[in-house]
Amino acid sequence: MAIPDYQTLMLPLLRLASDPKEHQLRAVTETVADEFALSSEERNERLPSGSQVVFANRVGWARTYLKQAGLRDSPRRGFFSITQRGLDLLPETPRRIDVTLLERFPGFLECRARRREQESAFTPAWIDSGETPEEALAAAYHTLRADLEVELLPQVQESSPTFFER
C-alpha cells in the first residue's frame, strides 16, 4: 500500500481522538500506521531531504489542518485532543476529511486567507495537490535538476578536453 496523503489521514486522526482524553502524537502516529497496514519500509521512508519520515510529516500536516479548522486542540507539546467542533463533525460520518470539507470552518478559512496575504502572486501547487510543502519542494527540486541536466548535457558533450583541463 502507498503511504496515504495528509488529507486521507485527517479522519482517522480525528476518530482516534474521539474521546475526551489527551493523545500522544507518537502513539497515535503508530496506531494510524497500523490502521493503514504500512510496511516497515513505508514507516521509515524519509523525505528526499532526509530530514523527516514521510509518514510522520503527513500526520503532522493533517494535525495542523485539523487544528486550523478548530477540530482538535493542543493541550501541551506532543499531545492533542478533540474539540467540541470535532466531536460534532464525527456523527455526520464523513467519508473523508479534506481541504474542501475544512472550508466549512471559519478558523480554517482565516488561516488560508492569512497565508494568501503572505504569498506572492502565485498559489503554490501543493495547497490542493495532497502533497506536503516538503514533498512539493523536493519534487520541484528534482524537476529543476532534471531540466538543468537536459540543458547542460549537450554543452558538456560538445566541450573539448581542454575545456575540462581549465
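Once the Cα atoms are used to define both axes, helix 25-35 deviates from the longest principal axis of the chain by about 80 degrees. Scanning the chain for GluC sites (Glu not before Pro) that sit in a DSSP loop and have at most 12 other Cβ atoms within 10 Å, the longest stretch containing none of them is 1-102. Quickly estimate the mean residue ellipticity at 222 nm for the chain, helices only: each DSSP H run with n ≥ 4 gives -39500 (n - 2.57), and the total goes over all residues, rounded to 500. It lands at -17500 deg cm²/dmol. Computed from Cα positions, the angle between helix 106-118 and the longest principal axis of the chain comes to roughly 20 degrees.
For Ser81 and Leu137, FRET efficiency with R0 = 25 Å and r from the beta-carbon atoms, rounded to 0.05? The value I calculate is 0.20.
Using a Gaussian network model of the chain in which every pair of alpha carbons under 10 angstrom is joined by a spring, one finds that among Gln84, Gln68, Gln155 the greatest mean-square fluctuation is at Gln155. Rg ratio for the chain: its Cα radius of gyration over 2.2 N^0.38 Å, N being its residue count, equals 1.34. Once the Cα atoms are used to define both axes, helix 54-68 deviates from the longest principal axis of the chain by about 50 degrees.
Values quoted throughout were computed directly from the atomic coordinates according to the rules given, and no laboratory measurement underlies them. Just so it is clear, the model here is predicted, and its values are computed rather than measured. Neighbour counts run over all protein chains shown; Cβ positions are idealised from the backbone, glycine included.
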